[in-house]
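Asker: Have a look at the structure that comes next, please.
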Amino acid sequence: MQSDCEKRISTRPDINTNRSCTDIFGLILFIIFLGGWGYLGYYSMTKGNIYMLVSPINSKNKFCGKDPGLENKKYLNYLDVTECLSSDFLTSVLGCGTSTVCVEECPEKTVFLETILKKSPEKFDELKSAMVCREDIKIQTLNAQQALEHMDKDTCAKYVLHSKPVLGRCFPIVVNQGKEDNNTKTSQHSQQALIDVLIIHTFVHQYLHLLLASTVMYSSSILLSVQIVTNIIADLQQSKWYMTAALLCMVALCFTYIFLLKWVIKPLVWITISSLFIVLAVGMYLCYTNFEYYKEHPKENNQIIKMFGLGPTYKIWRAILIALSIVFAILLLVILFLRSRIVIAIALIREGSKAVTAIKSTVFLPIFPLMVQCLVVAYTVLIFVALVTIEDSEIQSGLVYLKLANLFGFYWTRAFVSGVTDMIFACTFSMWYWTLNKKDLPFFSLTSGIHKTFRYHLGTVAVGSLIISIVQIIKFIVNQLSKKTNIGKFIPKWTTCLCKCFFDYVEKALKFINKNAYIMCAIRGDNFFKSASHAFSLLMRNIVRVVVLDKVVDFVFLLSKLLMSIGVGFAVYYLLEWDYLYEHTKVERLNYNSVPALVLGIATYLVCTIFFDVYAMAIDTLFLCFLEDCERNDGSPEKPYYMSKNLMKILGKKNKTGKPEKTS
């Protein structure tokens, strides 16, 4: 005879003594592909000339430290670095607006050569060692007058700045000597801004030309002057430590907000829904007043409506009024008929908050997959640039296939890392749900979820991510074909647009199926296709609950992220406007208080997105567990419900007397 504890454990689908490795073939295939992708990296690095993209190149496209005559000149120097701060630089990623030359050593001190030579030509012999000119100019044979002529032609530097080599390039360094005053600080900020822009130029020009060209060109229409650019960079440089501290506070704020959601979620949802109806009612009232006004004054017309020739103004307002009334009525009926589902959705969101706060380490887990994703991106870019530099004509004919293989590796690996994260969360949160008494939850719940994922279900993740990556590579090929100018001769443009839309929806649908398949695999321990089939049929039997939960969760999370990011932005802005801050501290005023406020607002939104992604995965997992619980159990002593008391109360269910119920 089984004990009561053993009977309850037998009803837990996540407790499966026969759990075994799923989709082993998928994992083997993924490992083989990783080996091939690794060989592609080795092949591209050996056949390509990666040195072409990472080494400094002068204005004559010669490699510093490599090409004949430049073996001893390893560093790149700018003849006039101020040109890098001009608007021309922002509109052109092909150059910094000034000539660049290879030098043996970076300048060890700042010398204003042109100014000194004009005042004291006799000092030219002393200045020769500090001069920087194009490689074809022999400095030792010049006289003072010839040197000035070359400076006018921008073939020799008019001045040199104390610099240090960074990435093979001579970057000016900020020198702090003596007592600081406001002018000195401003000068240092300007110098630091110049260094930052030079670094940006290096990466844009050498590494990210294809990706950032459009962004840089667009930015040129926004940045109005050199002074604005300098001030903004100086502000960011000055406030970087404050912003770092503020971001840490944002992490704590996000976690606190998730913890508080389990108490405020119900009023938040209903207040939001009520606000939506109030906005619609106000809109209907305004449309009605405009309709009455223009009906009584038919000769008057709204200028915008008149400009587009939309007919009598009062008819337009009447049409808008009717449309808003229909929307109001439909939404009211939907809310009335689905109010019980909304209550369940609110309860599940509250359960998600309990799960996340009970297993606090889950909110920090996305940091590690994010680091892996960055490595995947870096490896993909490295292979791409290596392939671009291959000059062998026989290999070039097959480069397009190698590039596609590299891109496919990026898609598959990225989807795999994301899938592993989802599977870990699914295993962890399903364990929380199926633990009848939360005090019995293992202390290392996340570790247990990680072990279960890596021990049994990596193959399932490999299969799911493979399907997603196949769709993504097909979508990429279709997008590239649609950009071809001659494709219209053979395939109508509307066909490619239709294909793009089709694959977009297919990708979204597959991601939804994949996520729920991972959850069901974590619950039942089945392979990918069986888990996907079971999850899909379970969701389709509860489609109304699925739609309501999805929309309510999306709306709450969007509202929460906007609330926190906008609130932080305004709080930082008005804090920096507060005179008390500067009167009682030594903090220096910024040029634009809106810059750190905007940066922190955007950063807060991104941090909230990471946190709420964990929260959303918890809710999705608990929702499927809840549906499985409803279908698997009946509240009897042999099959008790594992849902919370609140959910049982909402559904009118309860465990029979004599058996312990799930604690909240």
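Asker: Would you call L600 in a helix (DSSP H, G or I), at pLDDT below 85 and either within 22 Å of the chain's Cα centre (by Cα) or among the aliphatic types (A, V, I, L, M) (or both)? Talk me through it step by step, then tell me what you get.
Answerer: Working: in a helix (DSSP H, G or I): yes; at pLDDT below 85: yes; either within 22 Å of the chain's Cα centre (by Cα) or among the aliphatic types (A, V, I, L, M) (or both): yes.
Criteria met by L600.
Asker: Is it true that some residue in the range 502-522 is of a type in the set (F, W, Y), open to solvent by 10 Å² or more (accessible area, probe 1.4 Å) and modelled with pLDDT under 80?
Answerer: No, because not a single residue in the range 502-522 is of a type in the set (F, W, Y), open to solvent by 10 Å² or more (accessible area, probe 1.4 Å) and modelled with pLDDT under 80.
Asker: Report whether or not L387 is over 21 Å from L436 (Cα atoms), at pLDDT 90 or above and assigned to a helix (DSSP H, G or I).
Answerer: Numbers: over 21 Å from L436 (Cα atoms): yes; at pLDDT 90 or above: no; assigned to a helix (DSSP H, G or I): yes.
Against the criterion (over 21 Å from L436 (Cα atoms), at pLDDT 90 or above and assigned to a helix (DSSP H, G or I)), L387 does not qualify.
Asker: Scan the range 337-354 and give yes if some residue there is of a type in the set (S, T, N, Q), surrounded by fewer than 18 Cβ atoms within 10 Å (Cβ to Cβ), out of contact with any Ser or Thr (no Cβ under 8 Å at 6 or more places or on another chain) and free of Cβ contacts under 8 Å to residues at least 12 places away in the same chain, otherwise no. Even if it seems obvious, please write down each step before you answer.
Answerer: Keep residues of the range 337-354 that are of a type in the set (S, T, N, Q), which gives 340, 353.
Those left that are additionally surrounded by fewer than 18 Cβ atoms within 10 Å (Cβ to Cβ): 340.
In the following step, the residues that additionally are out of contact with any Ser or Thr (no Cβ under 8 Å at 6 or more places or on another chain) were identified as 340.
Filter once more, keeping what is free of Cβ contacts under 8 Å to residues at least 12 places away in the same chain: none.
Among the residues of the range 337-354, not one is of a type in the set (S, T, N, Q), surrounded by fewer than 18 Cβ atoms within 10 Å (Cβ to Cβ), out of contact with any Ser or Thr (no Cβ under 8 Å at 6 or more places or on another chain) and free of Cβ contacts under 8 Å to residues at least 12 places away in the same chain, which makes the answer no.
Asker: Go through the residues of the range 88-97 one by one and say whether even a single one is modelled with pLDDT under 85, closer than 20 Å to K73 by Cβ and open to solvent by less than 60 Å² (accessible area, probe 1.4 Å).
Answerer: The first filter runs over the range 88-97 and keeps only residues modelled with pLDDT under 85, leaving 88-97.
Adding the requirement that they be closer than 20 Å to K73 by Cβ leaves 95-96.
Adding the requirement that they be open to solvent by less than 60 Å² (accessible area, probe 1.4 Å) leaves 95-96.
Checked the range 88-97: at least one residue is modelled with pLDDT under 85, closer than 20 Å to K73 by Cβ and open to solvent by less than 60 Å² (accessible area, probe 1.4 Å).
Asker: Select from the range 483-501 the residues that are open to solvent by 90 Å² or more (accessible area, probe 1.4 Å) and of a type outside the set (S, T, Y) and write down the one among them that is modelled with the highest pLDDT. Quick ask: steps written out before the conclusion?
Answerer: Initially, the range 483-501 is screened for residues open to solvent by 90 Å² or more (accessible area, probe 1.4 Å), giving 483-485, 489-490, 493-494, 498.
Imposing the further condition that a residue be of a type outside the set (S, T, Y) reduces the set to 483-484, 489-490, 493-494, 498.
Details: K483: 69, K484: 64, K489: 58, F490: 58, K493: 67, W494: 69, L498: 80.
Per the criteria, the residue is L498.
Asker: Condition first: at pLDDT below 85 and of a type in the set (V, I, T). Now tell me which residues in the range 443-482 satisfy that.
Answerer: Initially, the range 443-482 is screened for residues at pLDDT below 85, giving 443-444, 478-482.
Across the range 443-482, the qualifying residue is only V478.
Asker: Conditions first: (1) assigned to a loop (DSSP other than H, G, I, E, B); (2) within 31 Å of the chain's Cα centre (by Cα). S59 passes all but one, so which condition is the exception?
Answerer: So the condition that S59 fails would be (2).
Asker: What's the number of the only condition in (1) part of a loop (DSSP other than H, G, I, E, B); (2) hydroxyl-bearing (S, T, Y); (3) modelled with pLDDT of 80 or more that S565 fails to meet?
Answerer: Unmet condition: (1).
Asker: Please go through the range 448-463 and give me each residue that is more than 17 Å from L29 (Cα to Cα) and open to solvent by less than 10 Å² (accessible area, probe 1.4 Å), ordered by number.
Answerer: Answer for the range 448-463, where residues must be more than 17 Å from L29 (Cα to Cα) and open to solvent by less than 10 Å² (accessible area, probe 1.4 Å): G449, T453.
Asker: Please state which of the following conditions R414 fails to meet, knowing it meets all the rest: (1) modelled with pLDDT of 90 or more; (2) surrounded by fewer than 18 Cβ atoms within 10 Å (Cβ to Cβ).
Answerer: Unmet for R414, out of (1) modelled with pLDDT of 90 or more; (2) surrounded by fewer than 18 Cβ atoms within 10 Å (Cβ to Cβ): (2).
Asker: Moving on to the next point. Is it the case, given these coordinates, that L559 is open to solvent by 40 Å² or more (accessible area, probe 1.4 Å), modelled with pLDDT under 80 and in a helix (DSSP H, G or I)? Step through it out loud before you land on a result.
Answerer: Values: open to solvent by 40 Å² or more (accessible area, probe 1.4 Å): yes; modelled with pLDDT under 80: yes; in a helix (DSSP H, G or I): yes.
Against the criterion (open to solvent by 40 Å² or more (accessible area, probe 1.4 Å), modelled with pLDDT under 80 and in a helix (DSSP H, G or I)), L559 qualifies.
Asker: Now, a different point. Restricting the range 287-336 to residues that are at pLDDT 75 or above, aromatic (F, W, Y) and open to solvent by 90 Å² or more (accessible area, probe 1.4 Å), which is nearest to the chain's Cα centre (by Cα)? Before the answer, list the steps.
Answerer: So in the range 287-336, the residues at pLDDT 75 or above come out as 287-296, 315-336.
The next check asks that each one be aromatic (F, W, Y); those that pass are 288, 291, 293-294, 317, 328.
After this cut, where a residue has to be open to solvent by 90 Å² or more (accessible area, probe 1.4 Å) as well, the list is 288, 293.
Values: Y288: 44, Y293: 49 Å.
Checked the range 287-336; the qualifying residue nearest to the chain's Cα centre (by Cα) is Y288.
Asker: Within the range 603-639, can you find the residues that are part of a helix (DSSP H, G or I) and of a type in the set (D, E)? I'd like the intermediate steps shown before the answer.
Answerer: Keep residues of the range 603-639 that are part of a helix (DSSP H, G or I), which gives 603-632.
Once the filter is applied, which keeps residues that are part of a helix (DSSP H, G or I) and of a type in the set (D, E), the range 603-639 yields D613, D620, E628, D629, E631.
Asker: In the range 268-284, how many residues are open to solvent by 60 Å² or more (accessible area, probe 1.4 Å) and farther than 15 Å from A329 by Cα?
Answerer: Number satisfying all stated conditions: 2.
Asker: Can you confirm whether S644 is modelled with pLDDT under 80, within 23 Å of N516 (Cα to Cα) and in contact with a Lys or Arg (Cβ under 9 Å, 6 or more places away or on another chain)?
Answerer: Working: modelled with pLDDT under 80: yes; within 23 Å of N516 (Cα to Cα): yes; in contact with a Lys or Arg (Cβ under 9 Å, 6 or more places away or on another chain): yes.
Criteria met by S644.
Asker: Let me ask something else. Determine whether the range 205-217 contains at least one residue that is closer than 28 Å to P56 by Cα, outside any helix (DSSP H, G or I) and at pLDDT below 80. Working first, answer last.
Answerer: Here is the first cut: in the range 205-217, the ones closer than 28 Å to P56 by Cα are 205-217.
Next, only the ones that are outside any helix (DSSP H, G or I) stay: 207-208.
With the extra rule that they be at pLDDT below 80, the set shrinks to 207-208.
Within the range 205-217 (the criterion being closer than 28 Å to P56 by Cα, outside any helix (DSSP H, G or I) and at pLDDT below 80), the answer is yes, since at least one residue qualifies.
Asker: So, of the residues in the range 640-652 that are open to solvent by 10 Å² or more (accessible area, probe 1.4 Å) and in a loop (DSSP other than H, G, I, E, B), which turns out to be farthest from K439 (Cα to Cα)? Outline the logic, then answer.
Answerer: Of the residues in the range 640-652, the ones open to solvent by 10 Å² or more (accessible area, probe 1.4 Å) are 641, 645-646, 649-652.
Narrowing further to those that are in a loop (DSSP other than H, G, I, E, B): 641, 652.
Working: Y641: 17, G652: 25 Å.
So the residue we want is G652.
Asker: Please specify each residue of the range 538-556 satisfying the condition of being open to solvent by less than 40 Å² (accessible area, probe 1.4 Å) and over 26 Å from the mean Cα position of the chain (by Cα). Break it down into steps so the answer makes sense when it comes.
Answerer: Filtering the range 538-556 for residues open to solvent by less than 40 Å² (accessible area, probe 1.4 Å) gives 538-539, 542, 546, 548-549, 552-553, 556.
If the condition is that a residue be open to solvent by less than 40 Å² (accessible area, probe 1.4 Å) and over 26 Å from the mean Cα position of the chain (by Cα), then L538, L539, N542, V546, V548 are the ones that fit.
Asker: OK, next. So how many residues does the range 355-376 have that are over 25 Å from V552 (Cβ atoms) and open to solvent by 70 Å² or more (accessible area, probe 1.4 Å)?
Answerer: Within the range 355-376, residues that are over 25 Å from V552 (Cβ atoms) and open to solvent by 70 Å² or more (accessible area, probe 1.4 Å) number 7.
Asker: OK, next. Which of the residues belonging to the range 117-143 are more than 21 Å from Y75 (Cα to Cα), of a type in the set (A, V, I, L, M) and either touching a strand residue (DSSP E or B) at 6+ places or on another chain (Cβ under 9 Å) or surrounded by fewer than 17 Cβ atoms within 10 Å (Cβ to Cβ) (or both)? Walk me through it before giving the result.
Answerer: Kept after step one, since they are more than 21 Å from Y75 (Cα to Cα), are these residues of the range 117-143: 117-126, 141-143.
Next, only the ones that are of a type in the set (A, V, I, L, M) stay: 117, 142.
Across the range 117-143, the qualifying residue is only L142.
The values are calculated or read from the model by the stated rules, or taken from the named source; none is laboratory data. This is a predicted model, so every value here is computed, not measured. Methodologically, a virtual Cβ is constructed for each residue, glycine included, from the backbone with ideal geometry; neighbour enumeration extends over all protein chains shown. For accessibility, only protein heavy atoms count, side chains too; no ligands or nucleic acids. Shrake-Rupley method; radii C 1.70, N 1.55, O 1.52, S 1.80 Å.
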